[in-house]
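The values are calculated or read from the model by the stated rules, or taken from the named source; none is laboratory data. Bear in mind the structure is a predicted one, so any value in this text is a computation, not a measurement. No Cβ is skipped: glycine too gets one built from the backbone with ideal geometry, and neighbour counts run over all protein chains shown. The protein model used for the area step is the full one, side chains on, heavy atoms only, and it has no ligands, DNA or RNA in it. Shrake-Rupley method; radii C 1.70, N 1.55, O 1.52, S 1.80 Å.
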Amino acid sequence: MQQHRPSPVISQGPNQSESRGSRWLRPKKGRPEAKPGSVTGAARAGQRSRRRRLSLRAALAVISGRAAGALSRRLRLGGGTSIVGLVAQRLYPDIIRHLAAQLEHGSVLVTGTNGKTTTSGFLAAILRDAGLRVWRNREGANLLRGVAGALVVRALPSGNLRRAGQAISVFEIDEAVMPQAVRLLEPRAAVFINLFRDQLDRYGEVESVAALWRQMVKGLPETTTLVLNADDPTTASLGELARGPVLYFGLEDLTLDLSGQDGQGTAGTYQAVDSRSCVRCGSDYRYSARFYSHMGHYQCPHCGLERPAPTVRALQVRQDTFDRLRVTVETPTQLGEIVIPLPGLYNVYNALAAIAVAQALGISWEPIVSGIEQFKPAFGRGERVQVAGRTLRLLLAKNPTGLNEVLRTLFSEGTPRHMLFVLNDNIADGRDVSWIWDVDFERAQGLTASLTVAGTRAFDLALRLKYAGFAPEEMTIIPSTPLRALEELIGSQPRGRKGRGRGRARHQQQQPDAVAAKTSTKVSPAAEEGAASPQERATPFPGYGLATALERAIEQTPVGETLFIVPTYTGLLELHRELERRGLTPHYWEGRD
Amino acid sequence: MTNEQGKDTRLVLRIGHLYPQLMSVAADRGNLFAIVKRCKWRGIKTAIDQIFVKQTPDFTQYDLILFHGGADREMEVAARDLQAKAPSLREAAEANTVFLAVCAGYQLLGHSYKPFEGPELKGVGILDLHTEGGSTRFMTHIAIECEFPECGKQVLVGYENHSGRTYLGPGAQPLGRVLAGWGNNGKDGYEGAVYKNVFGTYLHGPVLPKNPWFTDLLITRALARRYGQVELPPLDDSTEQEAHAAAFKLAMAFKGTVSAIDATPWRERLSPGSASRSL
């Protein structure tokens, strides 16, 4: 089916006009340049004035973008890197190409459904330890405007990058944005970590992203090294199409095989597996080992397509403690042990991907080891926060495979855990939350020492848990205010959409609030307060649900114990803001990079 | 409480789950969970057969058959395989076996599915309807109003995500009237189809957990085939009702939007972080 993405607010700009002018802006050796011999003197003069014009334009874009960012921060509208990029791109659609061309060591792009942030984090740490200046886009700002923003904030008012020497950029890129990103940045390496089902209501189908990737890989320059996950059939199959070098990474430790063990979910129903049939002939793959979802050692019984032999391999994975994985890694030049300071098998893949890129870039072994072993997880990727004598650990989970792996990591040893789940359905999470029914919450049943359920779709999650065998009485359900969706439509109609659905929404708002009234399970008093009468709830909401949920979850966790918080993406941002309000984490736009 | 089993009624519901792996795109396995749990809580046993490609069981042995959604590629595989199963499936439908078919499964119970691009797929022909691929995709919250003799007027809530436009022939009744969302084709105001005990719908969500009245209707009708009229004891459905009410509100709030994501205000789209401020 046709690929479906919401047209991002500012997507018109960059693509159409990017080809013009770009080739004049390539000072770097080894890159295609306009042939000087073919231009006449007049043309050359025209060229010069054109270049001047473009520099001016870049300068204008940089100045305006940064001013917009400063204003946005001032007005507390948000972190501001996206707005910086957005404004800069508006004024100069080719700003990304213009600035990125100045990076001495070029760019690396990281994409995939899960693990983009952690993989680019590992890689950035390795490259820094190798003495490079590493620039990244802010986590989650992985559309083009985020990339533009990351470059513009490091540019001078002259339109040139500050300290571009020794600099390399590592950008995490949204799966669907890869084609444009690759064209603008001509990366030295492009990393594809995995492809899982994620936000069907945003991307359409998994296959549509795969098709997009295939198309893009065919057009990659020979100078780009592809780094692919050998264990993920769709991702690995991109290697066949590449014109440049390809590096595969994968797991070789067969003791991690799950087939027959818990490859199937409860009641003989199937776990989320998002890529089952051969990319070449459509037959079902046969797995000799399966690590999770569709990751493993596969072969097509019909056409013989099989997992490529990885060049960067994890021979053995042992778990020292919950978040210390001891991995024996073999590359064409090295064999050594690396300790990954994060929980979950998925982080082994993330580390392998980073190691593979580092090898492709010619980085030596020491910075690879130190970069990974001393890695500080990004917010929400296993980071630890101390609150009132308890430890909070945040584990982002935004799709079925991600959440299944988090649950496996948390509950495979049978240790009871204190849990807070946050299920949101904001745009970045996806409006459709049906995916929670593909998550095997059954695994956690009987193993929660305390259980709090929150978020804009808390009731949906509570229902899922009920059918996974949790008694409603053992859950503390703290929804965000039930009329949220209406507030959005009334409060901030996009321009040009005025009137559409407005009257209806208003009409709706006057109806008594059935959800709050009928509540019979354990809903906290604060949440009921939050769900008071519609009039009181007019902007802004008095105490939204998440602060309360966090409070309740902490209360239920005895001092000295750990509360595991598993939020969706915007749930994580909300939590971050809440912890920030309590002075426990830095402002998210004051990140480390 | 939730794991408790109701007093054994000695009733067994036989379920056939068609293509449990191939056709499972939008977590529709939740429908199976809903049926199994609501039976268990009432002391009714369930026996589930998973039916894969190349298998041709006698479908008339089942009280209830589940056939869920899949992406285009999987749908092609299923359509090819389905032709061998079709005679027995039709026989089961005529013998009053209950069917719940969702999205692609629903489309394939009709006569044909013509994708927007690519060759036409032949369906089973149990439901008198055909489907054509559209150029836009309906991806939003949906609520429909249904009416059945057992339960009167009731509302079904869910999420639709389809580009197919389905048109019913005279041999099929719509499942319900669209209150919000698009339904079969976005034009005639109806959603889903019913023929005897065969129910087809575009509703994901999955549809059954949040609509316990519908789950119970399917269970009652499925049991009636071999046990006659069985009165299902009521359950505490407060969690279900809360989720239902929340989904209904969303459907009404997003009424008129083709895609719930495109309908999102600019501020939230600008940066996901700013969204939570307005919570």
How many residues, within the stretch B:215-236, are in a helix (DSSP H, G or I) and within 14 Å of chain A (Cβ to nearest Cβ)? 1
Would you pick out the residues in the stretch A:131-185 that are among the β-branched types (Val, Ile, Thr) and touching a Lys or Arg at 6+ places or on another chain (Cβ under 8 Å)? A:134, A:152, A:153, A:168, A:170, A:173
Being closer than 21 Å to residue A:284 by Cα, of a type in the set (Ser, Thr, Tyr) and open to solvent by 10 Å² or more (accessible area, probe 1.4 Å) is the filter here; which residues of the stretch A:235-257 pass it? A:237
Show the residue pairs meeting these rules: Cβ distance below 6 Å; 6+ apart or different chains; first residue within the stretch A:115-128 and of a type in the set (D, E, K, R); second residue outside any helix (DSSP H, G or I). A:116/A:110; A:116/A:172; A:128/A:134
Those residues that are within 9 Å of another protein chain (Cβ to nearest Cβ) and among the aliphatic types (A, V, I, L, M), I need them from the stretch B:26-43; list them, please. B:26, B:27, B:32, B:34, B:36
Among (1) farther than 27 Å from residue B:244 by Cβ; (2) touching a residue at least 24 places away in the same chain (Cβ under 8 Å); (3) within 11 Å of another protein chain (Cβ to nearest Cβ); (4) not in a loop (DSSP other than H, G, I, E, B), which single condition is residue B:15 missing? (1)
Residues of the stretch A:218-241 satisfying the condition of being among the aliphatic types (A, V, I, L, M) and closer than 18 Å to residue A:107 by Cα: A:220, A:226, A:227, A:228
What number of residues within the stretch B:104-120 satisfy the criterion of being open to solvent by less than 10 Å² (accessible area, probe 1.4 Å) and assigned to a strand (DSSP E or B)? 1
Condition first: among the small types (Gly, Ala, Ser) and either open to solvent by 10 Å² or more (accessible area, probe 1.4 Å) or under 11 Å from residue A:135 (Cβ atoms) (or both). Now tell me which residues in the stretch A:94-110 satisfy that. A:100, A:107
If you check residue B:23 against the conditions, is it under 20 Å from the mean Cα position of the chain (by Cα), more than 9 Å from chain A (Cβ to nearest Cβ), crowded, with 22+ Cβ neighbours inside 10 Å and assigned to a loop (DSSP other than H, G, I, E, B)? yes
Could you list, in sequence order, the residues of the stretch A:449-467 that are within 10 Å of chain B (Cβ to nearest Cβ) and aliphatic (A, V, I, L, M)? A:458, A:461, A:462, A:463, A:465
Residue pairs, Cβ under 7 Å, 6 or more apart or interchain, first in the stretch B:226-237 and without any contact (Cβ under 8 Å) to a residue 40 or more places away in the chain, second surrounded by 14 or more Cβ atoms within 10 Å (Cβ to Cβ). List them. B:237/B:212
Can you confirm whether the stretch B:140-152 contains a residue that is of a type in the set (S, T, N, Q) and over 21 Å from residue B:244 (Cβ atoms)? no
Tell me, yes or no, whether the stretch A:446-463 has at least one residue that is more than 29 Å from residue A:583 (Cα to Cα), under 25 Å from the mean Cα position of the chain (by Cα) and open to solvent by less than 10 Å² (accessible area, probe 1.4 Å). yes
Pick from B:212, B:206, B:265: which is open to solvent by less than 40 Å² (accessible area, probe 1.4 Å), at pLDDT below 90 and within 13 Å of chain A (Cβ to nearest Cβ)? B:265
Criterion first (on the phi > 0 side of the Ramachandran plot and at pLDDT 90 or above) does residue A:469 satisfy it? yes
How many residues does the stretch A:555-577 hold that are assigned to a helix (DSSP H, G or I), more than 9 Å from chain B (Cβ to nearest Cβ) and touching a Lys or Arg at 6+ places or on another chain (Cβ under 9 Å)? 1
When you check residue B:38 against the structure, is it open to solvent by less than 10 Å² (accessible area, probe 1.4 Å), over 20 Å from residue B:92 (Cβ atoms) and basic (Lys, Arg), yes or no? yes
Counting only residues that are of a type in the set (Ser, Thr, Tyr) and within 14 Å of another protein chain (Cβ to nearest Cβ), which one in the stretch A:276-331 is surrounded by the most Cβ atoms within 10 Å (Cβ to Cβ)? A:293
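Have a look at B:181, B:169, B:123, B:186 and point out the one that is away from chain A (no Cβ under 14 Å) and crowded, with 22+ Cβ neighbours inside 10 Å.
Working: B:181 fails: away from chain A (no Cβ under 14 Å); B:169 fails: crowded, with 22+ Cβ neighbours inside 10 Å; B:186 fails: crowded, with 22+ Cβ neighbours inside 10 Å.
One residue alone meets the criteria, B:123.
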When you go through B:101, B:95, B:78 one by one, which is the residue that is touching a residue at least 40 places away in the same chain (Cβ under 8 Å), among the small types (Gly, Ala, Ser), under 28 Å from residue B:167 (Cβ atoms) and open to solvent by 30 Å² or more (accessible area, probe 1.4 Å)? B:95
For the stretch B:76-120, enumerate the residues that are more than 14 Å from chain A (Cβ to nearest Cβ) and touching a His at 6+ places or on another chain (Cβ under 7 Å). B:105, B:110, B:111, B:112
Might you check whether a residue that is touching a Gly at 6+ places or on another chain (Cβ under 6 Å), under 18 Å from residue A:99 (Cα atoms) and surrounded by fewer than 24 Cβ atoms within 10 Å (Cβ to Cβ) occurs anywhere in the stretch A:161-184? no
Which one is surrounded by the most Cβ atoms within 10 Å (Cβ to Cβ), of the residues in the stretch A:351-400 that are in a helix (DSSP H, G or I) and out of contact with any strand residue (DSSP E or B) (no Cβ under 7 Å at 6 or more places or on another chain)? A:354
Of the residues in the stretch A:221-245 that are hydrophobic (A, V, I, L, M, F, W, C) and within 23 Å of the chain's Cα centre (by Cα), the one that is nearest to residue A:317 (Cα to Cα) is A:230
Taking the condition farther than 30 Å from residue A:559 by Cβ, open to solvent by less than 50 Å² (accessible area, probe 1.4 Å) and out of contact with any Ser or Thr (no Cβ under 6 Å at 6 or more places or on another chain), does residue A:336 pass? yes
How many residues are free of Cβ contacts under 8 Å to residues at least 60 places away in the same chain, of a type outside the set (Val, Ile, Thr) and outside any loop (DSSP other than H, G, I, E, B) if we restrict to the stretch A:302-329? 7
Which members of the stretch B:239-262 meet the condition of being part of a helix (DSSP H, G or I) and either surrounded by fewer than 16 Cβ atoms within 10 Å (Cβ to Cβ) or more than 7 Å from chain A (Cβ to nearest Cβ) (or both)? B:244, B:247, B:248, B:251
